[in-house]
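Taking it in order: structure first as structure tokens, then the write-up.
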Amino acid sequence: MASRTPAPQARDKLAFLLSFVPYLMDIERVSVADAAAHFGVPAEQIRQSVRLIAVSGVPGETTSYQHEDLFDIDWTAFEEHDEIALTHQVAIDDSPRFSAREAAALIAGLQYLSALPGQNDRAVLDSLLLKLSRGASGVPSEVLVGRAVVDSSLDEIRAALTDGRRIEFVYLNSRGEREVRSVDPLRIESVDEDWYVRGWDHARRGVRTFRLDRLSELRTTDIPITKTPADVALPETLFEGSDEDLAVLIEVEADSVPLIAEYIAPDTQPVPHGSRVRVELRLAHYHGLKRLVASLPGVVQVLEPDEARDAVAEWSRQALERYGEASSVS
């Protein structure tokens, strides 16, 4: 006697329907044969399930099933062409959805991740982008995030980190001096558009952070690294204070303090001064102070020391001169 495939039990049917309905919602239109091949079930089981879905739904306020409370399909396509297409969905329409603005924000974040160098999961990100666009309560605003421009040294450092090889390079420090560094790379991180490598500096015998656009003559050695992230404690924050840091007193809007929290000196509390607050920062060099002031225009005022005020004033003067030059050219 020829063997027959055992009929699916009620629990199996329920499990199948729980995956079959979202599948139809996502794919929009599919042939019975393709759906059967996708789930590995007979074509007739697919047809029976479609007929069951067509009489399923969620009762509305009348507690009785009305036409708009049931799923519906394209019956012409189903009966004449053996194709399945949902023309009316229920329940899912009542579930919470992202607003158009929320979806646009998430899409922008995913586009930024997709633009990062070395990102190997772009297919997954593209799928999420499509689902966010289709699943929002409104049409999300079109957002375009430019691909980051990164020095080619990033790829080489990433490869050295993966292969467990020491790197050597010439580094321009905060005092404008060039030094040869020998480093075991431990982690690559970014802040805004700046990229950094954290590693074990063999000359300093400790973890140091290096900005990629400040290093040159990079080369990967054949020497295996002797320190790994498991061997040293990498701080959660990218920048750690040291005894060589510069102390700078600033005045800032009180609600802007969280924006500069990583620069505030340890065990230091903002002191109220009228409607603003004064707080001491710790910085490796005044170049970093100029970048901080530029990121918060009109919010930060440098008070002490005079060298810090002069550095920011000179930087501002040079910026204004260049702006004037650009205006005269245009």
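Of the residues making up the stretch 217-230, none is of a type in the set (D, E, K, R) and at pLDDT below 85. In the stretch 254-268, the residues that are under 18 Å from P297 (Cα atoms) reach residues that are open to solvent by 60 Å² or more (accessible area, probe 1.4 Å) and not in a loop (DSSP other than H, G, I, E, B) with C-beta atoms within less than 7 angstrom, at least six apart or across chains, in these pairs: Y263/R282. Taken over the stretch 191-213, the criterion of being surrounded by fewer than 16 Cβ atoms within 10 Å (Cβ to Cβ) and touching a residue at least 12 places away in the same chain (Cβ under 8 Å) is satisfied by V191, E193, D194, A203, R211, D213. Residues being open to solvent by 90 Å² or more (accessible area, probe 1.4 Å), at pLDDT 70 or above and acidic (D, E) are entirely absent from the stretch 60-77. Under the condition of being part of a loop (DSSP other than H, G, I, E, B) and open to solvent by 20 Å² or more (accessible area, probe 1.4 Å), the residues counted in the stretch 250-295 number 9.
The values are calculated or read from the model by the stated rules, or taken from the named source; none is laboratory data. From a predicted model like this one, the values you see are computed outputs, not experimental measurements. Cβ sites come from the backbone with ideal geometry, for glycine too, and all protein chains shown count toward neighbours. For the accessible areas, the whole protein counts, side chains as well, though only heavy atoms, and no ligand, DNA or RNA atoms are used. Shrake-Rupley method; radii C 1.70, N 1.55, O 1.52, S 1.80 Å.
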